[in-house]
């Protein structure tokens, strides 16, 4: 059997712990067990699933060595990892609350009308039910919150589906500690064997086997466009195609309106520089492109951003692959026609410490060259300068689907840019005003998703309570005996959930 | 320019009227106009869209010659066509009510907490917005209700999307009359040019061009598995993949429990024979397979069904293609190993009048042969007899995804079959008790959809108000000025819609 080990990206040192690389047999075993578990797990009440989710949070909080290991494997500082652990556990508890409350199932009832003419109306009751085992591909950039027990796993379990996690090669030790915490929680709360499993792989093979396994019913992925698209295509070729919810990155453009640029370039520069360099630029909502009109302020913005960037100490990226990608994509972009290097850290630092950079280009060159709107994953941003409002709107129209876009503007001017507001709404999952896109609030109203190529399905989100909807589908019961009906649909509303009855919303 | 004409399937006679066959240029023009229309139409209030939808219903009701033409082109009787027209107009008015009410947008608000530690919480407000122009492929079997102004068109328009209908070759004249009604309604109610268009095509070319057009953002289809799957695959290969909501048929198994079989075989036979032969068996919810345990009653069921079937006068199918498919699929199935012909109309009738048939097979042969669960679109059903409950459940487990399944059982026995209940829930969109699957109620709780291969996306329905969700996606607005916010998300809830505010459901 082959094994995988963790590596400290900062030192290159191989870490302790060996994790067995899966093969077709272990993939099949995990999926068969998940399938068997599903038969029981999908019938569990929201209350029971909530107990499990809360127990996972507790086990993660108590897991020894987790913070150290995550720091070692990711190169991220203690404060960040502790914050992420908190976020991970909050997410688990948020989904626990959601399914304990129960209203998420969209219970909808139309009562019988036996005397209706010309034909009687049947009693029909509909609710969301889980879709089956979910394979989760974890992200490297959030080794806890978008990983083993992150939003994908939490929402899939909350919906009533077993989860098989394909561990990220960047943090197998962290994955092992969190996976064991999940398994302890499963045991303590009486969950069926197979409700959770994790597998390790090198390269793409194990991931492909998981996506192609006939008992896999959905896939969740956070990572690169290339990776997400490959899984999406693979899943579409199955004899039973399955959905792949891939969140594949974005350049998250910030549009700066003239008055704001004139009055507040220095503040903007500080705010943006901070957002671009947060987590060494390794956030999916990193603002990789800024769009502004030439005029007063743009030179100030550039020089203030340069000043802010030159204060940044190059920091360790998540792994050698990401570092190499960043350096080569950044350098290639800086060589593109019309692109000027505004700032590039040129000091002497070892790999994999990222050298932040700022580039600029005029709108004419930007509009001609598709390469310029490709994501450079890391601490980098490209300022696109437009001659006038027409060009500014042309640039806005030119963007492909994005997770977010941001409008920075003075109060009076923002409301005048209705055309920009309209264009950006068509392009994004989240439209921000006078704030930075990094810092994705985990809440009911969050939409972390957007039109292709930001994600493979912009109708869903991977952050916030609505993430659960990815792993559920409606079933309607027609004239079903009360004894067989799920509690959510029973007469008298025993769970006291929100329901739509004969077209009327009823809050119990 | 080439033209398409209608044909009377009963007489083979070519009908008046010539409809121009589209080409790449006319496809592009329709999509460009739809795109331009979208920019305006997507901003229209629910109230305004409702006016349009209601005007379409009125225009259809008043359209001269519609019933006659639909009868001529479909071979369906007057009562059926008039009923279908009523259903079509009711659907349009149902979506009008839905969007006028406005709560369908799932408005969700989390209010700002500027003082939150360690970081302030932004104000985030989310709602569903339309996804862009929808291409609708119409069905032959409901020339009105699943066609030009059917559920797909009504729900897409209601969501705020322009529609381009690819007319069905089976009823171009009906399509023309209804399309003109839609266009009159659009003009009367001030809708933008391009909000609706229809195109005619021969073979697959025009359909393919529509699916591949870059401005097409979703596709809706009702028809055969082959047709739906081909469009789904095509859409997945675009540089920007788009969703195809294809409803592709189903065998809609009916499971008959032993007590029911013993006590009520004659009633069952009448009920089922009626459902199988409804609309000449050309319903997507036609019960194509019956599953029962050997024992008292099964012979009675067979002989009563034979008696009922022999009362059926062979009737005209929708077109020559469907007739030929029915006859060849039926005959091929009757030749499969272990299949016995229980009844086959052998009188002398002309094409395209369908000859109803009943076949039977034992569970052992059924489980060995995948061909036996393929849909035979027309008045045909296959009775699968099982030796015992183990085999009965094995057969249940063997089915692929279905639009519906039905359990026929006495009150006391139904609740004992919890395993069957569990198995069928995983397979279907709608589970019916002691009723037939034909007759799909258009209401809030309807789920007309099911796991693949019944549809390409079991998370959505093509009948009922929830059909609108296919053509919308959430957008979150963060710290958006009140003046720019859509009314659905404004402070004070001016539209008085249902919203979730800080996690609490609020009914205005």
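A few remarks follow.
- What the pair-distance distribution of segment B:50-191 shows, using all Cα-Cα distances binned every 5 Å from zero, is 2, 10, 17, 20, 15, 10, 6, 5, 4, 3, 3, 2, 2, 1, 0 percent.
- Shielding of peptide B:458-468 by partners, expressed as the average count of other chain Cβ atoms within 10 Å per residue Cβ, is 4.
- Contact order, relative form, for segment B:120-237: 32 percent (alpha carbon pairs under 8 Å, 6 or more residues apart, mean separation divided by residue count).
- Taking Cα atoms only, the orientation of helix B:418-427 departs from the longest principal axis of chain B by about 60 degrees.
- Against chain A, whose longest principal axis is taken from its Cα atoms, helix A:320-334 shows a tilt of about 50°.
- DSSP beta bridges in segment B:373-508 [antiparallel fraction, %, rounded to 5]: 40
- Helix axis angle, A:46-62 relative to chain A longest principal axis, alpha carbon, degrees: 50
- Volume in Å³ per residue [convex hull over Cα atoms, computed for chain A]: 168
- Cα-projected label distance for residue B:204 with residue B:483, points at 7 Å along beta-carbon direction, nm: 5.3
- Under the simplified labelling scheme, the residue B:365-residue B:274 pair shows an inter-label distance of 3.1 nm, with each label point 7 Å from Cα along Cα→Cβ.
- Counted over segment A:231-319 with a bin width of 5 Å, the fraction of Cα pairs per bin, in whole percents, is 3, 13, 18, 17, 13, 9, 8, 6, 6, 5, 3, 1.
- Computed over segment A:315-399, the convex hull of the alpha-carbon atoms projects to a mean area of 5.6 nm².
- Computed P(r) (all Cα pairs; segment A:394-475; 5 Å bins; percent): 3, 15, 22, 23, 17, 11, 6, 2, 1, 0
- DSSP bridge pairs, chain B: antiparallel proportion in percent, nearest 5: 35
- In the frame of its principal axes, segment A:445-508 has Cα extents of 45, 22, 19 Å, reported largest first.
- Over segment B:343-391, the hull volume per residue, using the convex hull of the C-alpha atoms, is 82 Å³.
- Column: log10 I(q)/I(0), Debye, Cα scatterers of segment B:245-289, q = 0.21, 0.26 Å⁻¹: -0.73, -0.94
- Cβ-Cβ FRET estimate between residue A:40 and residue B:397, R0 fixed at 25 Å, reported to 0.05: 0.95
- Between segment B:224-269 and segment A:197-232, the Cα center-to-center distance that results, in Å: 28
- Shown here are the Rg and Dmax of the Cα trace of segment B:91-132, at 16.2, 51 Å.
- Convex hull volume per residue in cubic angstrom - Cα atoms of segment A:122-216: 117
- With all pairs of separate Cα atoms included, the protein assembly as shown yields a Kirkwood hydrodynamic radius of 30.0 Å.
- Of the residues B:74, B:462, the one with the fewest other Cβ atoms within 10 Å heads the list, and the complete ranking is B:462, B:74.
- Rg then Dmax, both in Å and based on the Cα atoms of segment B:94-168: 18.9, 61.
- Added length on full extension, which subtracts the Cα-Cα distance from 0.36 nm per residue, residue B:349 to residue B:180: 57.1 nm
- Estimated distance in nm for a label pair at residue B:226 and residue B:491, the labels positioned 7 Å out from Cα along Cα-to-Cβ: 6.2
- Across the identical copies, how the residue A:111 labels are spaced - nm, sorted shortest first, 7 Å along Cα→Cβ: 3.5
- Segment B:201-258 has equivalent-ellipsoid semi-axes of 30, 13, 8 Å, by the square roots of 5 times the alpha carbon gyration tensor eigenvalues, sorted largest first.
- For segment B:1-88: rounded, prolate or oblate by the Cα gyration tensor [a/c cutoff 1.5]: oblate
- Segment B:122-195-segment B:355-406 distance, computed between alpha-carbon centres (Å): 37
- Averaging 1/r over every pair of different alpha carbons in segment B:364-431 and inverting the result gives a Kirkwood radius of 13.1 Å.
- Value at 222 nm in deg cm²/dmol, rounded to 500, when DSSP H runs of n ≥ 4 in chain A each add -39,500 (n - 2.57): -12000 deg cm²/dmol
- DSSP beta bridges in the protein assembly as shown [antiparallel fraction, %, rounded to 5]: 35
- Between this copy and the others, label points of residue A:349 are 8.0 nm apart in ascending order, each placed 7 angstrom from Cα in the Cβ direction.
- Pairwise Cα inverse-distance average, inverted: Kirkwood Rh of segment B:261-388 (Å): 14.6
- Packing-based order for B:413-419, A:429-435, using average beta carbon neighbours within 10 Å, highest first: A:429-435, B:413-419
- Cα-derived Rg to Rh of segment B:172-232, Kirkwood definition: 1.02
Where a number appears in this text, it was derived from the coordinates with a stated rule and is not lab data. This one's a predicted model, so the numbers in the text were calculated from it and none came from an experiment. Cβ sites come from the backbone with ideal geometry, for glycine too, and all protein chains shown count toward neighbours.
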